[in-house]
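Student: My structure is below; once you've seen it, I'll send some questions.
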Amino acid sequence: MTTTARIHNFSAGPAVLPLSVLEEIQRDLLALPGAGMSILEISHRSKQFEAILAQAEADIRTLGNIPANYNVLFLQGGASLQFSMVPMNLLTPGATADYIDGGSWADKAIKEAKKVGAVNVAASTKSENYARIPKQAELKLTPGAAYVHMTSNNTIEGTEYKSLPAIGPGNDVPLVSDTSSDMFSRPIDVSRHALIYAGAQKNMGPAGVTVVIIREDMLARSLEKKSTLPTMLNYAVHAENGSMYNTPPAFAVYTLGLVMKWLIAQGGLAAIAKVNERKAARLYAEIDRTGFYRGTAQKDCRSLMNITFRLATEDLEKQFIKESTAAGLDGLKGHRSVGGMRASIYNAFPEAGVDALVAFMKEFERKRG
Ligand SMILES: *Cc1c(COP(=O)(O)O)cnc(C)c1O
């Protein structure tokens, strides 16, 4: 292999980007068409960058079919900063925020929210190693909660919501969702949410930009805290300034915009969802084929994005990682908190890569099974 050849990247994030997007970045890196300079150098106040940001937002709106009463923000600090910004802006004095604890990232969100105000953990599957999503009947929701927070896809444990939870009569309690690892992998009903956030580096683009989709009534809550919250942590400030209160991460926004264009060219979310279902089904079928491999997520909660599985012993797992890496299948080591293997197969992960992993798994089982 030459040092510049691309291998199959199963990393959970930062993750694989579409090859055509990388090629476009490479082609235009020295000079954006018509700008005479690169995206790394251009002023964020320039007409060209304003157009790039506006187009990225427009394409996100098209893809997500986002209603007009929602703002799309491009922020920094990753999804992890949203763990703090959500309660700082939306947890009104005297109110309680409900959190559904379905995975390690939800657990982190809860820890941050508790620093800000009253939190009720509505349900948790922590004692089951987060092998499943909490069931509807298990949710102990607070009447009149400030909001309910969920994690749509648990990146580390490999579980994913198949439909949104019902939260309160008429679903009128604001639903906040951390969609960092499955945003735009399938259609999403934005109108059921009050706020959606996603660090881009799993499925939408490179690290450095976080997409926040926020409904106007939530912005109004944020506005009330304008004089007390740090300016940079206030959603209303970012909305008023079109995500340009300060210098935005121009390269990350630009690349995310190219990924959105690529997604539209794939046929949008319904079309990419079909591909994602096909890729995941192929991998789960191999995991389930003989019992040599063992899927760690409960079957009705299996993620289409992060596929977690184990072998009989840790030694065998070490061997699997070693040999798969040598075979050009990179990033299959599971998160250190759960061990085993994890194959992250986001939108841009090619079907040929899934086929290569399945072939490797068959051969590994033939040799070691
Ligand atoms: C990766 C991830 C995060 C943390 O994202 P950062 O951008 O690194 O802060 C939070 N939530 C989920 C679901 C994730 O997958």
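The values are calculated or read from the model by the stated rules, or taken from the named source; none is laboratory data. Values in this document were obtained by computation on a predicted structure and should not be read as measured data. Note: ideal-geometry Cβ built from the backbone for every residue, glycine included; neighbour counts use all protein chains shown. Each accessible area value is taken on the protein alone, full model and side chains, heavy atoms only, with ligands, DNA and RNA left out. Shrake-Rupley method; radii C 1.70, N 1.55, O 1.52, S 1.80 Å.
Student: Would you please name the residue that is farthest from Arg302 (Cα to Cα), looking only at residues in region 143-164 that are out of contact with any Gly (no Cβ under 9 Å at 6 or more places or on another chain) and open to solvent by 30 Å² or more (accessible area, probe 1.4 Å)?
Tutor: Leu164
Student: Among Ala68, Ala35, which is at pLDDT 95 or above and small (Gly, Ala, Ser)?
Tutor: Of Ala68, Ala35, the one residue that is at pLDDT 95 or above and small (Gly, Ala, Ser) is Ala68.
Student: Answer yes or no: is there a residue in region 272-289 that is open to solvent by less than 10 Å² (accessible area, probe 1.4 Å), in a helix (DSSP H, G or I), in contact with a Ser or Thr (Cβ under 8 Å, 6 or more places away or on another chain) and not small (Gly, Ala, Ser).
Tutor: Yes: region 272-289 contains one or more residues that are open to solvent by less than 10 Å² (accessible area, probe 1.4 Å), in a helix (DSSP H, G or I), in contact with a Ser or Thr (Cβ under 8 Å, 6 or more places away or on another chain) and not small (Gly, Ala, Ser).
Student: Sticking with this structure for a sec: Check whether at least one residue in region 165-179 is in a loop (DSSP other than H, G, I, E, B), open to solvent by less than 10 Å² (accessible area, probe 1.4 Å), within 11 Å of the ligand (Cβ to nearest atom) and not assigned by TED's automatic domain parsing to the domain that holds Tyr346, and report yes or no.
Tutor: Taking every residue of region 165-179 in turn, at least one turns out to be in a loop (DSSP other than H, G, I, E, B), open to solvent by less than 10 Å² (accessible area, probe 1.4 Å), within 11 Å of the ligand (Cβ to nearest atom) and not assigned by TED's automatic domain parsing to the domain that holds Tyr346.
Student: Let me ask something else. Return only the number of the condition from (1) of a type in the set (S, T, N, Q); (2) open to solvent by 30 Å² or more (accessible area, probe 1.4 Å); (3) not in a helix (DSSP H, G or I) that Ser191 does not satisfy.
Tutor: (3)
Rundown of residues vs (1) more than 30 Å from Ile60 (Cβ to Cβ); (2) within 19 Å of the chain's Cα centre (by Cα), yes/no style:
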site	(1), (2)
Arg278	no, no
Arg294	yes, no
Ser303	no, yes
Ala312	yes, no
Gly328	yes, no
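Let's see how each residue does on (1) open to solvent by 10 Å² or more (accessible area, probe 1.4 Å); (2) closer than 30 Å to Lys135 by Cα:
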| site | (1), (2) |
| --- | --- |
| Asn306 | no, yes |
| Thr313 | yes, no |
| Lys333 | yes, yes |
| Ala343 | no, yes |
| Tyr346 | no, yes |
| Met361 | no, no |
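Student: Here are Lys202, Lys261: which of them is charged (D, E, K, R), within 16 Å of Ala58 (Cβ to Cβ) and assigned by TED's automatic domain parsing to the domain that holds Arg27?
Tutor: Lys261
Student: Let me ask you something else. Condition test on Asp59, is it more than 16 Å from the ligand (Cβ to nearest atom) and of a type in the set (Asp, Glu)?
Tutor: yes
Student: Taking the residues in region 39-53 that are buried (at least 16 other Cβ atoms within 10 Å of the Cβ) and in contact with a Phe, Trp or Tyr (Cβ under 9 Å, 6 or more places away or on another chain) as candidates, determine which candidate is nearest to Val209 (Cα to Cα).
Tutor: Filtering region 39-53 for residues that are buried (at least 16 other Cβ atoms within 10 Å of the Cβ) and in contact with a Phe, Trp or Tyr (Cβ under 9 Å, 6 or more places away or on another chain), the one nearest to Val209 (Cα to Cα) comes out as Leu53.
Student: Pairs under 8 Å by beta carbon, first residue assigned by TED's automatic domain parsing to the domain that holds Pro143 and open to solvent by less than 10 Å² (accessible area, probe 1.4 Å) in region 103-120, partner hydrophobic (A, V, I, L, M, F, W, C) and near the ligand (Cβ under 10 Å from one of its atoms), six or more apart or different chains?
Tutor: Within 8 Å, the pairs are Gly103/Ile156; Ala109/Phe83; Ala113/Phe83.
Student: Continuing with this model, one more query. Taking region 64-86 as the search range and keeping residues that are in contact with a helix residue (DSSP H, G or I) (Cβ under 6 Å, 6 or more places away or on another chain) and assigned to a helix (DSSP H, G or I), which one is farthest from the ligand (Cβ to nearest atom)?
Tutor: Gly64
Student: Okay, next question. If Ala131 satisfies all but one of (1) crowded, with 16+ Cβ neighbours inside 10 Å; (2) at pLDDT below 95, what's the number of the condition it fails?
Tutor: Among (1) crowded, with 16+ Cβ neighbours inside 10 Å; (2) at pLDDT below 95, the lone unmet condition for Ala131 is (2).
Student: Could we say that Ile214 is touching a helix residue (DSSP H, G or I) at 6+ places or on another chain (Cβ under 6 Å), in the same structural domain as Gly78 (by TED's automatic domain parsing) and either open to solvent by less than 60 Å² (accessible area, probe 1.4 Å) or not acidic (Asp, Glu) (or both) here?
Tutor: It is true that Ile214 is touching a helix residue (DSSP H, G or I) at 6+ places or on another chain (Cβ under 6 Å), in the same structural domain as Gly78 (by TED's automatic domain parsing) and either open to solvent by less than 60 Å² (accessible area, probe 1.4 Å) or not acidic (Asp, Glu) (or both).
Student: Residue check: is Asp355 among the acidic types (Asp, Glu) and closer than 30 Å to Leu258 by Cβ?
Tutor: Considered against the rule, which asks whether it is among the acidic types (Asp, Glu) and closer than 30 Å to Leu258 by Cβ, Asp355 comes out as yes.
Student: Let me ask something else. Tell me which of these Val212 doesn't satisfy, since it passes every other one: (1) within 30 Å of Gly94 (Cβ to Cβ); (2) touching a residue at least 12 places away in the same chain (Cβ under 8 Å); (3) more than 16 Å from the ligand (Cβ to nearest atom).
Tutor: Failed condition: (3).
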